[in-house]
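I have placed the structure first, in the form of structure tokens, so that the comments after it can refer back to it.
A short reminder: the numbers here are calculations on the coordinates, not readings from a lab. Please read these numbers as outputs of a predicted model, since none were measured by experiment. Cβ coordinates were reconstructed from backbone atoms using ideal geometry, including for glycine residues, and neighbour counts include every protein chain displayed.
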Amino acid sequence: MNPDFSPEHHSQLLLKASTKKPQVLFGISALLVLAGVRVVEIGDPVGWTLVGIFLISAVVWGMEMLPQAHSLRLDSDGIQIKRHFLTSRFRWLDIREFGVLEHDALGFVGGSASVYMKIRMPSLSEKEPARQFSLPSEYGLSAGTLAEVLREWHKHFGMEGR
């Protein structure tokens, strides 16, 4: 594993999500707002619908570009996932595993990958003792590299208390 991400070298690690997608979508939304304004200037009231919808979209994508919107923090206690300014925290002892899911990207030939984790959930039924979900981003790493980093931190901090 890359020593820059190793738990032996860091007491905590903070990874930030890329802002490329929000920047592109913000730009498209802003252009469509301008197109709506132009339609209103021509005299068509449908332009107000364009302005309203894409102005809201521009605001949302603008907020997504803020550095505080998305992050992944790893520390000795567990992981903290921040997505859309909302934070979820999971202890290492509650995490079963990390892996990479391969899936088709929007129906195109080829594929993409996302990192998932399984969490132990208290349940009355033992049929589904864990839940699985994917992380919202790869935080500038490939899915395989991020999964490897998470497994290394999980091995280093999660197995000690078992």
Checklist line | Cβ-based exposure ranking for Glu41, Glu97, Glu64, in which fewest neighbours within 10 Å come first | finding: Glu41, Glu97, Glu64
Next item on the list: Could you pull out every residue, at least 5 positions away or on a different chain, whose amide H is within less than 5 Å of the one on Leu135? Hs are placed 1.01 Å off N in the peptide plane, and Pro or chain starts have none.
Entry: Val115, Tyr116, Met117
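Calculate how large, on average over all directions, the projected area of the Cα convex hull of segment 25-107 is; give the answer in nm² to one decimal.
8.3
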Checklist line | More than 14 Å apart - percent of Cα-Cα pairs taken over segment 21-64 | finding: 42
